[in-house]
1. Rounded to the nearest percent, how much of the accessible area of the chain (1.4 Å probe, protein heavy atoms only) is carbon and sulfur?
2. log₁₀ I(q)/I(0) of the chain at q = 0.22, 0.29 Å⁻¹, via Debye over equal Cα point scatterers, no solvent, to two decimals?
3. Any idea of the accessible area per residue across the chain, 1.4 Å probe, to the nearest Å²?
4. How would you rank 5-11, 35-41, highest first, on the average number of other Cβ atoms within 10 Å across their residues?
5. As an exercise, use a Förster radius of 25 Å and the Cβ-Cβ distance of I3 and K52 to find the FRET efficiency, rounded to the nearest 0.05.
6. Could you work out how much longer the chain between H16 and E32 gets when fully extended? Use 0.36 nm per residue separation minus the Cα distance between them, nm to one decimal.
Amino acid sequence: MKILRKIYEDEKPKYHVKTDLGLIIKVTVSDEMTEYEINELINIVAQNMDNKLKNNIE
């Protein structure tokens with residue numbers, strides 16, 4: 001997983017992330033979250049999306 005960029009849409013931080021399987025996803029987070037919480041959330045979402053892709057291929 002790799003964070004590509006961080007942007008602000010509607011005054012909310014949004015991360016563009018490339019998952020291990022190559023999916024490009026957007027993850028919107030809260031300004032109140034710590035950097036650790038943001039990284040954990042992004043990792044969980046990226047893994048979840050990769051698992052969904054794997055399940056669709058099988």
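The values are calculated or read from the model by the stated rules, or taken from the named source; none is laboratory data. As the structure is a prediction and not an experimental result, all values here were calculated from the model. Cβ sites come from the backbone with ideal geometry, for glycine too, and all protein chains shown count toward neighbours. With ligands, DNA and RNA removed, areas are computed over all heavy atoms of the protein, side chains included. Shrake-Rupley method; radii C 1.70, N 1.55, O 1.52, S 1.80 Å.
1. Values: 2100 of 4470 Å².
In the chain, the share of accessible area belonging to carbon and sulfur is 47 percent.
2. -0.82, -1.19
3. Values: 4470 Å² over 58 residues.
With all protein chains present, the chain gives 77 Å² per residue.
4. Top of the packing list down: 35-41, 5-11.
5. Values: r = 20 Å, r/R0 = 0.79.
That pair, I3 with K52, gives E of 0.80.
6. Numbers: separation 16, 0.36 × 16 = 5.76 nm, distance 1.88 nm.
Stretched out fully, the H16 to E32 stretch lengthens by 3.9 nm.
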